[in-house]
Amino acid sequence: PQGERSDGQGTDNKMSKRSSMKQMKKKPEDFLFGKVIGEGSYSTVFLVKEVSTGKEYAMKVLEKRFIIKEHKTEYVHREKEVFAMINHPFFVRMYFTFQDMDRLYFCLSYARRGELFEYLNKMGSFSLEQTRFYTAEIVSALEHLHGKGIIHRDLKPENILFGDNMHIQITDFGSAKIIKREVQNNTNEDSNAGRRRNSFVGTAQYVSPEVLTSKTTYCSSDLWALGCIIYQLLGGLTPFRGRHEYEIFQKIVKVDYAFPEGFDPDARDLVDKLIQLDPTKRIGCEEEGGYGPLKTHSFLKGIKWDDLINQKPPLEPLNK
Ligand SMILES: C[C@@H](Nc1nc2c(c3cc(-c4cn[nH]c4)ccc13)C(=O)N=C/C2=C\CC1CC1)C(C)(C)C
């Protein structure tokens, strides 16, 4: 019956009347669960196939008991909220969510061609053309995200995925932050007064100095990570390296990195302008005039920004 919902939530009827145009809530039995795609910190992501349509999805499954015990309900709500705010081809999409007695289920697009990280490992490094194209796609994605006041905070090649068409699909908003615009610009110290210290820190190689020292994050924390990724795409290695995390952190806070011989000069100039200690000095941040100066940088000359999704990517899928 229309009013009844399969997930045992006795939701009031006006919900079902108002959303009668929406699909009925799905349930786990509607899917065949396949391989584990990855483990998040409080969840497992499976490859699943919807029985009725044969469509493949990525299904993030969270144990309610564990989320509650670990006081992570706020993170779960935020991740769902961020996915609901994003509607852009360069991000993994959330199609629907449902729950049963013990678990929450997020049904998301399956990025069939896997991680950028895997391609980088297999190829060593990208060509200038490949680096330019995918830098443009990541810039376009970040422009959308930051325009919505969302910071990813853990951007790295492991969560930049490829769809069937070899365009990027950025994922993993478990550590994302939604900021109000006025707060983002406020750089004076007292804006942190009374602010809960963020316990979260990104992945060592890509984390920005301000996250390590003052625990505050800005949109430009993602721009620092972008600089590290461009360096890595062309150079094959991350700019800040070390056997242990503390060695890497020491280099980051001193911005202690060097370019390999023969590194493309335009790319080098762009990386230099992104890997800036002061988050208000990074090209693409609000204080530096926003995304205009970044999108017109010489390294990105010739990029046609308004129809990247329709262009043929300069990278063939790996036959796994
Ligand atoms: C970083 C992330 N890894 C991944 N997250 C997702 C994938 C995904 C796919 C492959 C893949 C595809 N083919 N071969 C490998 C490898 C890693 C993936 C996907 O297709 N769709 C949604 C995803 C995530 C949705 C988001 C709510 C978490 C972790 C490790 C956190 C699961």
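Throughout, read-outs are computed from the coordinates displayed, never taken from laboratory work. Just so it is clear, the structure is predicted and the values come from calculations on it, not from any experiment. Heads up, the Cβs are rebuilt from the backbone with ideal geometry, glycines too, and the neighbour counts pull from every protein chain shown.
Projecting label points 7 angstrom from Cα along Cα→Cβ for Asn310 and Glu29 puts them 4.6 nm apart.
Which of the pairs Lys177/Lys254; Lys156/Lys273; Lys251/Lys273; Lys35/Lys156 have their Cα atoms more than 20 Å apart in this structure?
Working: Lys177/Lys254 26 Å; Lys156/Lys273 18 Å; Lys251/Lys273 17 Å; Lys35/Lys156 23 Å.
Beyond 20 Å: Lys177/Lys254; Lys35/Lys156.
DSSP finds beta bridges in the chain, and of those with both partners inside it, around 95 percent are antiparallel. For Glu247, the shell of other residues with beta-carbons less than 12 Å away shows a net charge of +2, using +1 for Lys and Arg and -1 for Asp and Glu. Listed by Cβ neighbour count within 10 Å, with the fewest neighbours leading, Asp306, Asp266 appear as Asp306, Asp266.
Between the C-alpha center of the stretch 226-244 and that of the stretch 253-285 there is a gap of 11 Å. Per-residue Cβ neighbour counts within 10 Å put Ile252, Ile170, Ile68 in the sequence Ile68, Ile170, Ile252, beginning with the fewest.
Give me the extension gain from Lys254 to Asn121: residue separation times 0.36 nm, minus the current Cα-Cα distance, reported in nm with one decimal. Intermediate results must be reported in sequence, preceding the final value.
Values: separation 133, 0.36 × 133 = 47.88 nm, distance 2.74 nm.
This chain segment gains 45.1 nm when fully extended.
Starting with the fewest neighbours, write out Ile229, Ile37, Ile283 ranked by other beta-carbon atoms found within 10 Å of each beta-carbon.
The most exposed by this proxy come first: Ile37, Ile283, Ile229.
Which helices of the chain meet both criteria: a Cα extent of 20 Å or more along the helical axis and a mean Kyte-Doolittle score no lower than -1.0, with helices taken as whole DSSP H segments?
Working: long enough: 128-147 (28 Å, -0.12); 220-235 (22 Å, 1.06).
Correct list, ordered by number: 128-147, 220-235.
Counting only aspartates and glutamates at least 8 places from Lys80 when in the same chain, those with an alpha carbon closer than 16 Å to its own are Glu63, Asp172. Every helix of 4 or more DSSP H residues in the chain counts as -39500 (n - 2.57), and over all residues that averages to -9000 deg cm²/dmol at 222 nm. The charge dipole of the chain, taken about the Cα centre with unit charges on the Cβ atoms of Lys, Arg (+1) and Asp, Glu (-1), comes to about 940 debye, rounded to the nearest 20.
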